[in-house]
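Visitor: Take a look at the following structure, please.
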Amino acid sequence: MGDSQGQLKREGFSSGLAIFFATLGSAVGLGNIWKFPYLTGQFGGGAFLLVYFSCIILVGLPVMLSEFYLGRSTRKNVVGAFDTLRSGTAWRYTGIMSVLAVYLIMFFYSCVAGWVYLYLFKALSGDFAGITAAVAKDQFASVVVGPWSPIIWQVIVMATVSAILIMGVKKGIERITKTLMPLLFILILLCDIRALTLPGAGAGIDFLFNVDFGKITPPVILTAMGLAFFKLSLGLGAMVTYSSYFTHDNNLFGTATKVALSDTLVSMLAGLAIFPAVFSFGMEPGAGPGLLFMTIPLVFSQMPFGNILLVAFFFLSSIAATTAMLSLVEVAVAYFVEEKGFGRKTAVIINAIVILVFGVLAALSADSSALLGQYTIFGKGFFDFFDYVSSNILLPVGGLLIAVFVGYLVNPAELRRELTNDGAIPAVLFEAFYFIIRYITPALLILVFLNSIGVVKL
Ligand code: PFF
């Protein structure tokens, strides 16, 4: 498949470094700051990491490479990619499902990102000085119940994401991720140094890295697999869309491996910043999503240089959330521009409005005492419904369809040519990939899917 397909004006990333930071920007998100370290600590520390790495190798990297193939070989958005390779078939609906999944994730992700922005603002205004546990809890409860502040901050989040996206792939996504991702590393290291030098920090390190193989049960393995998926932004075309902007000589195996390793490193650094502090101050590590918002301000405000660290922490969390959202919304924007003929600016604005209209439902239902907290769809509040359907159903199904498509329907010679850059990359890597994507990845994904909808109980 040719590089430009006659779309001479199509934008793209300018270098390998830009590709790395943009892709890492998509992977590093709210999942790193909270979900990964907490699950690692709870489910066996080093042993869980081992399982997580196996999931990355057997499912994460193969699906990521498949998405890279779809995007870079066709130079199209996720719907256009399927249409190009199998035109006139129902496969385009896999792409449409991806766009739908993006919306569902954005409805609640933009809401949580709004809380993060608000907490950055509160940290900058010195709102957390001398707070007690009760005050921290009240502050979070009032944010979640709203009704106005979660909506206003969600609007600010969407305005920020939209402004960056309107600037385009190079001047927007590339410039922002190349500037902010290194900054995010520096800020995490700053928080790490402070947290690790606290008295009693060792308990936090133990929590994260203590190897306990006894905790590795089938449901934990499935959790690790789901996490690998969400962490690497797989199953909804984000990597298809970004790779459609990759340079033709980029080493796709190298990019996928570097991104997976760096994303894991950021997650562990986040864990090392959070858990030693949580333990040092005798807090509860299993506080759920509220940990970020209730415990962190309390813990950091009690230590020397605490407020600077709080600002640093919520700033890096805002960066992580924002760069992840760029990749999510870009999936829908590229679709509207390329398939529906919208101008880029119009596409961004319309998508932001759609996300906000439904996102408000999430913002007002994140807690049962919130304005819409009592309304349910299939027994779940809006916030939980959006999260459940996207993470537990659409992502694994999307991943499975992508694996089957690339493993069985794509011309193997063409696949090999694209993934090895015309033979420049060792064939053995391709052979390993091709075996895994055909036989192992689909089997594991079917298991995860059946488990997540409750058909198989492991
Ligand atoms: N990988 C992001 C995180 O860890 O928070 C979440 C995400 C971003 C999922 C982009 C899916 C996606 F397409």
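Visitor: For the chain, find the longest principal axis of its Cα atoms and tell me its angle to the long axis of helix 148-166, 0 to 90°, nearest 10.
Guide: Relative to the chain, helix 148-166 is tipped by roughly 40 degrees.
Visitor: Quote the convex hull volume per residue of the chain, based on C-alpha atoms, as a whole number of Å³. If you can, show how the numbers build up before the last one.
Guide: On the way: hull volume 62.0 nm³, N = 458.
Dividing the Cα hull volume of the chain by its residue count gives 135 Å³.
Visitor: Just how large is the dipole of the chain about the Cα centre, in debye to the nearest 20, putting +1 at every Lys and Arg Cβ and -1 at every Asp and Glu Cβ?
Guide: Details: 26 positive and 23 negative charges, 130 e Å.
The dipole of the chain has a size of about 620 debye.
Visitor: Angle between the Cα long axis of helix 16-27 and the longest principal axis of the chain, 0 to 90 degrees, nearest 10?
Guide: Taking Cα atoms only, the helix is inclined about 60 degrees.
Visitor: Next question, about the same structure. Count the lysine pairs in the stretch 16-452 whose Cα atoms sit under 18 Å apart, keeping only pairs 8 or more residues apart in sequence or on different chains.
Guide: Pairs that pass both the separation and distance tests number 10.
Visitor: Kindly provide the helix-only [θ] at 222 nm of the chain, computed as the sum of -39,500 (n - 2.57) over DSSP H runs of four or more divided by all residues, to the nearest 500 deg cm²/dmol?
Guide: Taking each H run of at least 4 residues, the total per residue is -21500 deg cm²/dmol.
Visitor: Here is a further query. Of the options Ser267, Ile436, Phe48, report the single residue whose Cα projects farthest towards the positive end of the charge dipole of the stretch 16-452 (beta-carbon charges: Lys, Arg +1; Asp, Glu -1).
Guide: Ile436
Visitor: Can you tell me the order of 50-57, 300-307, 401-408 when each peptide is scored by its average per-residue count of other Cβ atoms within 10 angstrom, highest first?
Guide: Ranking, from highest mean packing down: 401-408, 50-57, 300-307.
Visitor: While we're on this one: Tell me the angle of helix 218-231 to the major Cα principal axis of the chain, expressed in degrees between 0 and 90 and rounded to the nearest ten.
Guide: Computed tilt is about 80 degrees.
Visitor: Also, quick follow-up: So how much slack lies between Leu17 and Lys258, counting 0.36 nm per residue of separation and subtracting their Cα-Cα distance, in nm?
Guide: 85.7 nm
Visitor: Among Phe279, Val389, Pro426, whose Cα projects farthest towards the positive end of the dipole of the chain, with charges put on the beta-carbon of Lys, Arg (+1) and Asp, Glu (-1)?
Guide: The Cα lying farthest towards the positive end belongs to Pro426.
Visitor: Moving to a separate point now. Search the structure for amide H atoms under 5 Å from the amide H of Gly12, placed 1.01 Å from N in the peptide plane, and list their residues when 5 or more places away or on another chain.
Guide: Lys170
Visitor: Okay, next question. Going by how many other Cβ atoms sit within 10 Å of their own, how do Leu372, Leu395, Leu400 line up, fewest first? All intermediate terms of the calculation are to be shown ahead of the outcome.
Guide: Numbers: Leu372 18, Leu395 26, Leu400 22.
Lowest to highest Cβ neighbour count: Leu372, Leu400, Leu395.
Visitor: Where does each of Arg92, Arg86 land when they are ranked from fewest to most other beta-carbon atoms within 10 angstrom?
Guide: The order, fewest Cβ neighbours first, is Arg86, Arg92.
No value in this document is a laboratory result; all are computed from the given coordinates. Keep in mind the model is a prediction, meaning the values are calculated, not measured. Cβ sites come from the backbone with ideal geometry, for glycine too, and all protein chains shown count toward neighbours.
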